[in-house]
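Taking it in order: structure first as structure tokens, then the write-up.
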Amino acid sequence: MTVPLLLAPWPTPLAHDLAAALGAEPGALEVRRFPDGESFVRLDTSPAGRDVVVVASLDHPDEKLVALVLLCATARELGARSVRLVAPYLGYLRQDRRFRDGEAVSARVFPRLLGPWLDGLVTVDPHLHRIHDLAEVYDVPCRVVHAAPAIAAWVATHVDRPLIVGPDSESAQWAEDVATRAGAPWIVLEKVRHGDRDVEVSVPDVERWRDRTPVLVDDIVSTGRTLVQTLGHLARAGMRPATCVGVHALFAGDALDALRAAGAGRIVTTDAVTHPTNGIGLAEALADAVRSLAG
Ligand code: R5P
């Protein structure tokens, strides 16, 4: 890969850091809306003969998709050798089946809108459940960066006597990975369902952990309600105020206030989605993934 051309249609600190980590040339471009709301894109740096890296996290994807497609298509038309997208947060993965008759399975449709304009895709911890691999929906080479090493390094240096806590059994693998890397113990909360709306959640072996700082880890913080509920369970069990760590800081609506009101201690996220809680940088890991994709 020669010196890549990095295009950030919505500049972020991470895009800046990634350009530095890759030794890429930041390209000049204009992305805006016409008065009627249509998207306008102009490349001021020629992509001809260049390996183009587009950096755009896909939170609020509806607001970004058209401009992103215009950008990638135009880079190709103007002679880019390759166009690879770094989307640290890749939206539209949670609706991965028809939960009720007639629903759009957006996790399968959205990639068909975006994928054809790309030669490669890099993302961070995509939310995959019923779809097991991005290659099932994106027909381009993909690389996935895992945030666990960066989160574990942050926990090891910022949290006194941490106890990694997964909110539910689905998070067990994730909690174990972070804990092992941070050299910390880990638990997942135990749910006993007595009925549709009657769920009891308990902290296993609680006495053993009272002198530890719980560290809640989740991949997405959207409404924050998953973490809010978990904070409630930990508080009722008499645990210390928990540190909350999220990979993708979507923070819809009042999520941040709700977390604070629920007694969260520190709240920290990776810079995959730009947010005031960002404190864990992923630029180096993303740069490695881009290089491996190009190689
Ligand atoms: C669920 O499967 C995810 O891992 C997250 O726990 C969920 O998306 C968080 O959403 P919210 O912040 O709205 O509770």
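The values are calculated or read from the model by the stated rules, or taken from the named source; none is laboratory data. Note that the structure is a prediction, hence the values are computed from the model and not measured. All Cβ positions, glycine included, derive from the backbone under ideal geometry; neighbour counts span all protein chains shown.
For the range 200-214, the set of residues classified as surrounded by 14 or more Cβ atoms within 10 Å (Cβ to Cβ), part of a loop (DSSP other than H, G, I, E, B) and at pLDDT 90 or above consists of ARG212 only.
Between ALA184, ALA135, ALA148, the distinction of being loosely packed, with under 14 Cβ neighbours inside 10 Å and of a type in the set (A, V, I, L, M, F, W, C) belongs to ALA135 only. Among residues of the range 22-35 that are within 9 Å of LEU5 (Cα to Cα), those with a beta-carbon under 9 Å from a residue that is surrounded by fewer than 14 Cβ atoms within 10 Å (Cβ to Cβ) and hydroxyl-bearing (Ser, Thr, Tyr) at least six positions away or on a different chain give the pairs GLY27/SER46.
For (1) within 20 Å of VAL144 (Cβ to Cβ); (2) at pLDDT 90 or above; (3) part of a strand (DSSP E or B), each residue gets a yes or a no:
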| site | (1), (2), (3) |
| --- | --- |
| THR226 | no, no, no |
| ALA235 | no, yes, no |
| HIS248 | yes, yes, yes |
| ARG260 | no, yes, no |
| GLY265 | no, yes, no |
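Restricting VAL215, VAL203 to those that are away from the ligand (no atom under 14 Å from the Cβ) and touching a His at 6+ places or on another chain (Cβ under 7 Å) reduces the list to VAL203.
If the condition is being under 28 Å from ALA179 (Cα atoms), touching a strand residue (DSSP E or B) at 6+ places or on another chain (Cβ under 8 Å) and part of a helix (DSSP H, G or I), then the range 113-152 contributes LEU134, ALA150, ILE151. Tell me, please, whether a residue that is assigned to a strand (DSSP E or B) and within 19 Å of GLY263 (Cβ to Cβ) can be found in the range 170-190. Among the residues of the range 170-190, at least one is assigned to a strand (DSSP E or B) and within 19 Å of GLY263 (Cβ to Cβ), which makes the answer yes.
Conditions tested, residue by residue: (1) outside any loop (DSSP other than H, G, I, E, B); (2) of a type in the set (A, V, I, L, M, F, W, C); (3) under 26 Å from THR274 (Cα atoms); (4) modelled with pLDDT under 95.
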| residue | (1), (2), (3), (4) |
| --- | --- |
| ALA73 | yes, yes, yes, no |
| ARG76 | yes, no, no, no |
| GLY79 | no, no, no, no |
| LEU85 | yes, yes, yes, no |
| TYR89 | no, no, yes, no |
| TYR92 | no, no, yes, no |
| ARG98 | no, no, no, no |
| ALA104 | no, yes, no, no |
| PRO111 | yes, no, yes, no |
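Among what's in the range 250-276 and is among the acidic types (Asp, Glu) and either without any contact (Cβ under 8 Å) to a residue 40 or more places away in the chain or touching a Cys at 6+ places or on another chain (Cβ under 9 Å) (or both), pick the residue that is farthest from LEU234 (Cα to Cα).
Initial filter on the range 250-276 (among the acidic types (Asp, Glu)): 254, 257, 271.
Then drop every residue that is not either without any contact (Cβ under 8 Å) to a residue 40 or more places away in the chain or touching a Cys at 6+ places or on another chain (Cβ under 9 Å) (or both), which leaves 254, 257.
On the way: ASP254: 21, ASP257: 18 Å.
Among them, the one singled out is ASP254.
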